[in-house]
Structures are given as C-alpha cells and as structure tokens.
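Contents: one structure, followed by commentary.
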Amino acid sequence: MKIGILGAGQLGRMMAISGYPLNHQFGFSGNANDEPSALLGHMFALEDNADNIESLVAFADVITYESENTDVEIVREINKNVPVYPGEKSLFITQHRGREKALFDQLNIPCVSYQMVNSLTDLERAVAKIGLPAILKTATEGYDGKGQFLMRSEDQIKEAFESMNGVESILEGFVNFKRELSLIAVRDTDNDHKYYPLVENTHHDGILRLTIAPAQNIDIDVQKTAEHYMQTLLDEMDHVGVLTIELFETENGLVVNEMAPRVHNSGHWSIEGANTSQFENHIRAITSMPLGDTSLTHNFSAMVNIIGKIGPTQIPLTMSNANLHLYDKDERANRKLGHINITADSLADLEKSIEQLKDFLPN
C-alpha cells in the first residue's frame, strides 16, 4: 500500500522504517530535501506549493500525519479523495487545549482545572477562580515547554498575559504530582485496541529527556484505569492509529494532562522494547492489518533523548543492550536529534546502563 505522510520529520522517518518490511511505500510532504524523511520515500511538497499536496494525494492509498498542528482544512479536503487517519475529529480536538479539556470533562476523565483566556480581564478572573500557582499556555501549538508561563504570584498577571502575544490562551491549575506518566495505545478500523504499559517520563526545561518502561510500582488497577480513559477517548473520536495521553500520578489518582493523536516521543522505547513498536502498529492500524503484540521484549526498557548536540555516540555503540537512533538533523539548541534505547532484564542493569549514558542527560 502507498502511504502518504503530512510532514517529513523524524516521526515520519520512523514510520517508514517500520513500514517497509510490511511491503508499503511512502511519500512525504515536507519543506526541504534535507528533512529527516527525505531519503526514505518520495518527497512531494516543497516550499508552500499546494500542487505538491495534490501530488501526495494522487500517490497515496491512505494518508497520516506527524503533528496535531496539521491544518484541519487540508485534512478535510484530502479526505474527500483519500482516507486520512487519524480522522478530522481527533485532529480538531487535540490541536486546541480548550477543546481537549472540554472533551475530558464530557467523558468524566479527571483533568486539571482550567479557564480560557482572551483578555487581561479574563486572566484576572481565571486566577481568582483557579488560584496560584497556575500555568498560562497558548490554546494552540506550543510543545516541549514552549508557549507557557508559570505564574506564582498575582504580580505576574500582566507579564504572563503579555508573554502570550495576544493569542487565545488557557490557564491551567498547577498539579502537585508524584511523577509524569504516559500511555500509548492503538485502535484500528475494526475497533480493535492494543495498549502499551504506562511509562514514566522525566522532563528538563519542558523537553522529554528520559522514559522508563514500564513505570515502576504501578498497580494493575492504575493501568486499567488509564486504559479505560484511553478507550473512552479512542472510541469517542473514532480514532484510527496511535493515540497518546500524558498523565500526572497524584495522591488522588491519575489526572490526564493532554493527548497527542500520533506516535509519540515517550513511545520510542518500543522500537526495541516491545514486540511491535508504536510505529509499526500505527502503520498496521491505518492499513487494515492486524494489530501487533504490545508486550515487552525484556523486563525493562528506557529511552534517552539526544538533545541539542549529538554527543559521544561511541558509548551506546559499544553497549550490548543499547540501540542508537539518529534523525539526520543538524545540531541546534533544544533540538531533538535522536534517541538511545536500552533494554534490560533487571532494574539494576537498566539503572547501570542509564548511568553509562549520563553524558546525554542534563546534570
């Protein structure tokens, strides 16, 4: 089957790598010939030429996308001729934090308290209702900690509002959490579901740096609760493909923070750590192939992000239980350049391996 991907970054790259053994072909819409996916298939869209999107559509039997910031109107038009998965509803909801939170409320999924903000007066009222500390975020776009302002005192209200540069925003209550978790699942066109284990994520400056799979000391009821939230969302949105939800573990249970309608950074460990990676399962789902086994290949796995600089890659290359994945991207501050996956049969071995990779982690 010919698969078109809106975007040509590392997520498209890893989807293609996982899909070629299944006898699929890939085409990408990107902005330049040096993007991570450029050498892994047909590159149709360069610059801002709408005709090239049409060429991608003419090529593809099915289309998917890399980012929740993909233009909904483009997806709607493409879907008239070629199916796009995940569908328009998933994209529309997840690219706006207010719509996302409203859906959580509608489905009785615990989430942080929030108020939409369109003016300084709105923000003042929201602070009065939610209290401080709280986080002001842009309603759309923003990722890896961008487009956010942590407010600790009322003296910061004006500064916080001005930092949003006049765009619609959302004030979210601050959550006292034990740790950050995420759950990745996949749903196909026949409404079959598969779930990966909850994983624990560590961020630095808003960027994911380390994922451990599975998250330790997770009661089976907590896993089942997260899966229930996930299934409710998958079915409500008629979502086909991978969906990710990010959660806080609190003293009062799980609180869902946000979701992403795509393969996710916190699932990269699954390339070596699961019998079927998130990337392969996404491709299977959108091409009506049977979903693959999501169980772990080893007792423990971890993913270390490579951020900003490539670093001493000779270290993972000499480790028997590490796998290096680079994205063919130039070095730049805070840019995701690759990741390293580790597998281990004991937690002690996993921790020892992570220590060997400390040069890739923030101090």
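The values are calculated or read from the model by the stated rules, or taken from the named source; none is laboratory data. All values derive from a computational prediction rather than experimental measurement. A quick note on method: Cβ atoms are made from the backbone with ideal geometry, for glycine too, and the neighbour counts reach across all protein chains shown. Areas reflect the complete protein model, heavy atoms only, side chains present, ligands, DNA and RNA absent. Shrake-Rupley method; radii C 1.70, N 1.55, O 1.52, S 1.80 Å.
Overview of results
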read-out: Selection count, region 317-346, where residues are open to solvent by 60 Å² or more (accessible area, probe 1.4 Å) and among the aliphatic types (A, V, I, L, M); value: 3
read-out: Strands (runs of 3 or more DSSP E) wholly inside region 112-160 that include at least 2 residues being within 11 Å of I170 (Cβ to Cβ); value: 114-117, 134-138
read-out: Residue within region 280-292 that is modelled with pLDDT of 95 or more, within 14 Å of the chain's Cα centre (by Cα) and not in a loop (DSSP other than H, G, I, E, B) present; value: yes
read-out: All positions within region 165-178 that are surrounded by 12 or more Cβ atoms within 10 Å (Cβ to Cβ) and over 12 Å from I135 (Cα atoms); value: V167, E168, F177
read-out: Every pair of residues 6+ apart whose Cβ atoms lie under 7 Å, when the first sits in region 268-287 and is among the acidic types (D, E) while the second is open to solvent by 10 Å² or more (accessible area, probe 1.4 Å) and not in a loop (DSSP other than H, G, I, E, B); value: E272/N323; E272/T343; E280/S18
read-out: Test: residue in region 75-94 that is open to solvent by 70 Å² or more (accessible area, probe 1.4 Å), polar (S, T, N, Q) and either farther than 29 Å from L208 by Cβ or at pLDDT 95 or above (or both); value: yes
read-out: Some residue of region 99-108 being within 25 Å of the chain's Cα centre (by Cα), farther than 18 Å from M164 by Cα and outside any helix (DSSP H, G or I); value: yes
read-out: Candidate set from region 42-58 (those that are modelled with pLDDT under 85 and open to solvent by 90 Å² or more (accessible area, probe 1.4 Å)); member that is nearest to P83 (Cα to Cα); value: D51
read-out: Region 214-250: number of residues that are of a type in the set (F, W, Y) and out of contact with any Pro (no Cβ under 9 Å at 6 or more places or on another chain); value: 1
